[in-house]
Amino acid sequence: MRQIRAGEIVVDAESGAQVMSVGMLLAANETFGHVGHPLLHRQVRDPKSDREGELMAVVEEFVGTVAGSPKHTRTAYVRAANGLEFTAAPDTLVGL
């Protein structure tokens, strides 16, 4: 298992695009904080942006510490019909 070190930039081998900048030590096969969602891999609509696509993942991400307590946020990753992904609040997504 390859270790990805803090600050290392992961680059897509085919396109050369930066796909991730790692902020902590992670194993390359970890789940990166993925959490379940009832609409996972189903068609959804984000009412805020009125965009639609397939819910690909919901990730819980560390955003900082407040008064000594770690704080996290959940982000939904939705893939539109054109293949581009956008983020949305997972609790507001509507199944189609």
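Determine, yes or no, whether residue 31 is assigned to a strand (DSSP E or B), surrounded by 10 or more Cβ atoms within 10 Å (Cβ to Cβ), out of contact with any Lys or Arg (no Cβ under 8 Å at 6 or more places or on another chain) and at pLDDT below 95. Talk me through it step by step, then tell me what you get.
Values: assigned to a strand (DSSP E or B): no; surrounded by 10 or more Cβ atoms within 10 Å (Cβ to Cβ): yes; out of contact with any Lys or Arg (no Cβ under 8 Å at 6 or more places or on another chain): yes; at pLDDT below 95: yes.
Taking the combined requirement at face value, the residue does not satisfy it.
Quickly run through segment 40-75 and pick out the residues that are assigned to a strand (DSSP E or B), of a type in the set (Gly, Ala, Ser) and at pLDDT below 95.
Our first condition is that a residue be assigned to a strand (DSSP E or B); within segment 40-75, this holds for 43-46, 51-66, 69-75.
Next, only the ones that are of a type in the set (Gly, Ala, Ser) stay: 53, 57, 64, 69.
Answer for segment 40-75, where residues must be assigned to a strand (DSSP E or B), of a type in the set (Gly, Ala, Ser) and at pLDDT below 95: 57, 64, 69.
The values are calculated or read from the model by the stated rules, or taken from the named source; none is laboratory data. Small disclaimer: the values here were computed from a predicted structure and weren't measured. Cβ sites come from the backbone with ideal geometry, for glycine too, and all protein chains shown count toward neighbours.
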